[in-house]
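Below you'll find the structure, written out as structure tokens, and then a few comments.
The values are calculated or read from the model by the stated rules, or taken from the named source; none is laboratory data. Since this is a predicted model, take the numbers as computed values, not measurements. Here the Cβ positions follow ideal geometry from the backbone for every residue, glycine too, while neighbour counts run over all protein chains shown.
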Amino acid sequence: MQLAKHDIIQQLQREALSMQRHKGISGQRLHKGLGDIDNAFPEHTFPLGAVHEFISANKENAAATNGFMAGLVGQLMQKSKLALWISAKRTIYPPALKMFGIAPERIVFVDLCKQKEVLWAIEEALKCNVLSVVIGELSELSFTESRRLQLAVEQSRVTGLIHRYTPRTENTVACVTRWKIAQLASETNGLPGVGFPKWNVELLKVRNGRPGTWQIEWSKGGFKEITPQTFSISENLTRKTG
């Protein structure tokens with residue numbers, strides 16, 4: 001009898017997980033992926049056809065988040081499809097998108113006046129299956145509103161990236177993932193100019209996956225995890241002179 005109850009409980013757990021699993025695009029994945037971050041996702045694949053939430057607490061983090069999202073957008077955009085970037089106060093500089101392999105003219109920027117209008121436009125855009133990805137910038141998002149967005153992409157299979165800048169609270173939403181991105185200092189290796197973009201990437205929530213933190217660099221058109229140096233500069237000097 002006890003064994004039978006255990007089997008029933010396990011079966012119910014499997015059915016619950018199956019019901020919670022996002023209805024993404026089966027068999028498709030990012031062109032180059034997210035490096036070691038991919039291991040955090042179900043089936044080791046960034047969830048497509050889903051809505052992802054990014055939270056920024058200040059301007060510096062917002063700029064870092066835009067850079068990281070641009071790397072995602074470049075991989076999400078298909079040759080025959082466009083993307084929409086919707087906001088009430090745009091924080092992205094379109095020419096900078098070229099660094100991430102994106103032709104700015106392939107993104108339609110929709111600038112609105114009110115947050116309510118932004119949310120409505122995001123939901124309508126996510127229903128449009130001729131788009132590859134929809135990026136929305138807004139501060140507040142309720143669970144009910146986020147649920148409507150998720151239902152929209154389950155029909156259209158469009159991927160949504162929602163960037164919440166300085167929200168009043170980090171409330172629970174129905175998005176498949178929640179991220180926080182912070183800028184890291186780039187390295188120029190003694191050469192003039194600016195080095196490759198680097199970020200501290202926190203995956204705070206991922207449905208049926210494993211949250212974690214990584215240090216990521218954008219180089220050669222893709223995401224690459226930064227390998228920590230074994231010794232610091234001072235330690236190397238000590239070893240050479242010792």
Exercise. Using beta carbons and a limit of 6 Å, which pairs, at least six apart or on different chains, have the first residue in the range 202-225 and over 21 Å from Lys32 (Cβ atoms) and the second one assigned to a strand (DSSP E or B) and of a type in the set (A, V, I, L, M, F, W, C)?
Worked result: Pro211/Leu203; Pro211/Leu204
Exercise. Would a scan of the range 139-149 turn up a residue that is acidic (Asp, Glu), touching a strand residue (DSSP E or B) at 6+ places or on another chain (Cβ under 6 Å) and not in a loop (DSSP other than H, G, I, E, B)?
Worked result: no
Seminar exercise, completed: Residues of the range 118-132 being modelled with pLDDT of 95 or more and not in a loop (DSSP other than H, G, I, E, B), in sequence order, are Val118, Leu119, Trp120, Ala121, Ile122, Glu123, Glu124, Ala125, Leu126
Exercise. How many of the residues making up the range 139-166 are surrounded by fewer than 23 Cβ atoms within 10 Å (Cβ to Cβ), in contact (Cβ under 8 Å) with a residue 24 or more places away in the chain and farther than 10 Å from Glu53 by Cβ?
Worked result: 15
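Might you let me know whether the range 58-73 holds any residue that is more than 25 Å from Glu202 (Cβ to Cβ) and among the hydrophobic types (A, V, I, L, M, F, W, C)? Step through it out loud before you land on a result.
Quick first cut of the range 58-73, residues more than 25 Å from Glu202 (Cβ to Cβ) only: none.
Checked against the condition, which is being more than 25 Å from Glu202 (Cβ to Cβ) and among the hydrophobic types (A, V, I, L, M, F, W, C), the range 58-73 yields no hits at all.
Among the residues of the range 176-183, is any over 22 Å from Ala40 (Cα atoms), modelled with pLDDT under 95 and surrounded by 15 or more Cβ atoms within 10 Å (Cβ to Cβ)? Walk me through it before giving the result.
Quick first cut of the range 176-183, residues over 22 Å from Ala40 (Cα atoms) only: none.
No, there is no match, as no residue in the range 176-183 is over 22 Å from Ala40 (Cα atoms), modelled with pLDDT under 95 and surrounded by 15 or more Cβ atoms within 10 Å (Cβ to Cβ).
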Problem set entry | Cβ pairs under 8 Å, 6+ apart, first in the range 60-78 and surrounded by fewer than 23 Cβ atoms within 10 Å (Cβ to Cβ), second in a helix (DSSP H, G or I) and charged (D, E, K, R) | Met77/Arg106
